[in-house]
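Taking it in order: structure first as structure tokens, then the write-up.
Bear in mind these aren't lab numbers, they're just calculated from the coordinates by the rules spelled out. Please read all numbers here as calculations on a predicted model, not as lab measurements.
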Ligand SMILES: [Zn+2]
Ligand SMILES: [Zn+2]
């Protein structure tokens, strides 16, 4: 499947391109995601690092995760907009901040719904998870196949 997705920061210094269809898009309502977005949830789109290219000056820093393994966040050096991150455990993948894409992507799952702000109503209860989901049961078959091909190479 060939598709190109584009996005960037708010000042326009940093632009990125994704050369393949994303693996999965999810919204996270956990406390950390609220702090880092300054909002009620983050939306992340998972892609392969190999399909990603970025232009412009990027800065990064490492932050802790719940598991203690950490992740690296990348943001525009000029305006500070946080564009994507890389979890240390997810070797081949990046998580793009979906709202920085030029075109929106609807989340396929909501995670940490137990921490969701009470005034947010998610109409599709089937895609809500109290905390994390089981990937094998949640991701589309096509994405699982692409992931296992990538990780076994
Ligand atoms: Zn910027
Ligand atoms: Zn979160």
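A few notes on this one:
- Build a GNM of the chain with springs between Cα atoms under 10 Å apart, and of 49, 136, 62 the one that fluctuates most is 136.
- Our note on the geometry: Cα centres of region 114-153 and region 5-71, 16 Å apart.
- Mean separation of Cα pairs under 8 Å and 6 or more residues apart, divided by the residue count, gives region 96-148 a relative contact order of 31 percent.
- Just checking the listed ones, 106, 35, 120: in the Gaussian network model of the chain with Cα springs under 10 Å, the one fluctuating most is 120.
- Based on C-alpha pairs under 8 angstrom that are at least 6 apart in sequence, region 42-83 has a relative contact order of 29 percent.
- Over the chain, relative contact order from alpha-carbon pairs under 8 Å, at least 6 apart, %: 24 percent
- For the chain, modelled as a GNM whose springs connect Cα atoms under 10 angstrom apart, the maximal fluctuation among 138, 98, 25 occurs at 138.
- Approximate shape of the chain as ellipsoid semi-axes (Cα gyration tensor, √5λ), whole Å, largest first: 22, 20, 16
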